[in-house]
1. Scan region 46-71 for residues that are farther than 17 Å from TYR151 by Cα, in contact with a Gly (Cβ under 9 Å, 6 or more places away or on another chain) and outside any strand (DSSP E or B) and report the count.
2. From the list GLU74, GLU67, GLU105, pick out the single residue that is within 18 Å of VAL169 (Cβ to Cβ) and surrounded by 14 or more Cβ atoms within 10 Å (Cβ to Cβ).
3. Taking the options LEU149, LEU143, LEU93, LEU110, name whichever one is over 25 Å from THR198 (Cβ atoms), assigned to a strand (DSSP E or B) and in contact (Cβ under 8 Å) with a residue 40 or more places away in the chain.
4. Going by the structure shown, is ARG218 over 22 Å from ALA55 (Cβ atoms), touching a Leu at 6+ places or on another chain (Cβ under 8 Å), touching a residue at least 24 places away in the same chain (Cβ under 8 Å) and not in a loop (DSSP other than H, G, I, E, B)?
5. Which of (1) of a type in the set (S, T, N, Q); (2) surrounded by 17 or more Cβ atoms within 10 Å (Cβ to Cβ); (3) touching a residue at least 24 places away in the same chain (Cβ under 8 Å) is the odd one out, the single condition SER127 does not satisfy?
6. Please indicate, with yes or no, whether at least one residue in region 129-139 is hydroxyl-bearing (Ser, Thr, Tyr) and outside any loop (DSSP other than H, G, I, E, B).
7. Given the criterion small (Gly, Ala, Ser), crowded, with 23+ Cβ neighbours inside 10 Å and under 12 Å from the mean Cα position of the chain (by Cα), identify the matching residue among GLY53, GLY36, GLY92.
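Just so it is clear, none of the values below were taken in a lab; they were calculated from the coordinates. Keep in mind the model is a prediction, meaning the values are calculated, not measured. Heads up, the Cβs are rebuilt from the backbone with ideal geometry, glycines too, and the neighbour counts pull from every protein chain shown.
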Amino acid sequence: MKLKDSLFLLFLFTIVKGFGIGEHLPVGGRSMAMGGCSVAIADFWSISNNQAGGAWLKGISAGLYAENSFLLKELMFQQVGVCLGIRAGTFGLMVNRFGDNRYNEIKAGLSYARKFGKYFSVGVQMSYLRINVAENYGNKNLLSCEIGLMYQSPNHLAIGVHLLNPIPVKITDHPAELLPVIVSVGLSYRFSEMFIATLEAEKDLEHKLLFRAGAEYRFAKSIYARLGMASNPMSFTFGFGLEFGKIKADLASEYHQSLGFSPSVSIVYSIKTK
């Protein structure tokens, strides 16, 4: 391997280590624009963010998401997903990829969510994670799971809890390294048909408590504006959404004071069934 490639991989590993292999990555332009808040929001991207939120989905939906962290092609993240909401519950399938040809992570997950009563839902997901490193570093294949809970009260308050990697999964033996166990708790409140605000906290065993906050304002029937922020490290987010019949498009960007912008876009196509 050339020296510049070795140095690049060392630099890339440093960045990836900072993000954390197997961490909770909020998906969807809507969530990203609201500071990354996602566990107390029920929409299509709940199939990744908090599977319990998928229990409120009906019909067939498919979506695409792409995020370019700090405008570096080596830190590209893409995801595709589909879900089917029927009387027996909601089934979801997602596949995402992070990185480039020299280092990448591929994750595929199959989820199921179901409502219990009018206000409470539970969701679970089984996931396959493959870590690929160029040249002679090899790859790793792992299995993990996720569990989500959500409560949506009749007075417009929603509470969500998401647990990622609750069962220890070993990445390496020497030194011993495990996929992070991450707990996220969030709440959202719909003040009116036009305005919703949300707060969220996330914690794992190695990093400081992370806080997120966001808000969404609906200007018209199909136009949304969103703002948010997140701590550890401090960053700010913004974006907007548009609806065209069965299609929803969301654009967002995160701004880090030192590393710059991380734009993202998502598109969802939904067909509701009786």
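1. Total meeting the criteria: 4.
2. Details: GLU74 fails: within 18 Å of VAL169 (Cβ to Cβ); GLU67 fails: within 18 Å of VAL169 (Cβ to Cβ).
Answer to the check: GLU105.
3. Only one candidate passes the filter, namely LEU93.
4. Numbers: over 22 Å from ALA55 (Cβ atoms): yes; touching a Leu at 6+ places or on another chain (Cβ under 8 Å): no; touching a residue at least 24 places away in the same chain (Cβ under 8 Å): yes; not in a loop (DSSP other than H, G, I, E, B): yes.
Answer is no for this residue.
5. The single condition SER127 does not satisfy is (3).
6. Quick first cut of region 129-139, residues hydroxyl-bearing (Ser, Thr, Tyr) only: 137.
Adding the requirement that they be outside any loop (DSSP other than H, G, I, E, B) leaves none.
No, region 129-139 contains no residue that is hydroxyl-bearing (Ser, Thr, Tyr) and outside any loop (DSSP other than H, G, I, E, B).
7. Values: GLY53 fails: under 12 Å from the mean Cα position of the chain (by Cα); GLY92 fails: under 12 Å from the mean Cα position of the chain (by Cα).
The unique qualifying residue is GLY36.
Yes or no, residue by residue, for (1) farther than 25 Å from MET76 by Cα; (2) surrounded by 15 or more Cβ atoms within 10 Å (Cβ to Cβ):
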residue	(1), (2)
ILE171	no, yes
PHE195	yes, no
GLU206	no, no
ARG212	no, yes
LEU242	no, no
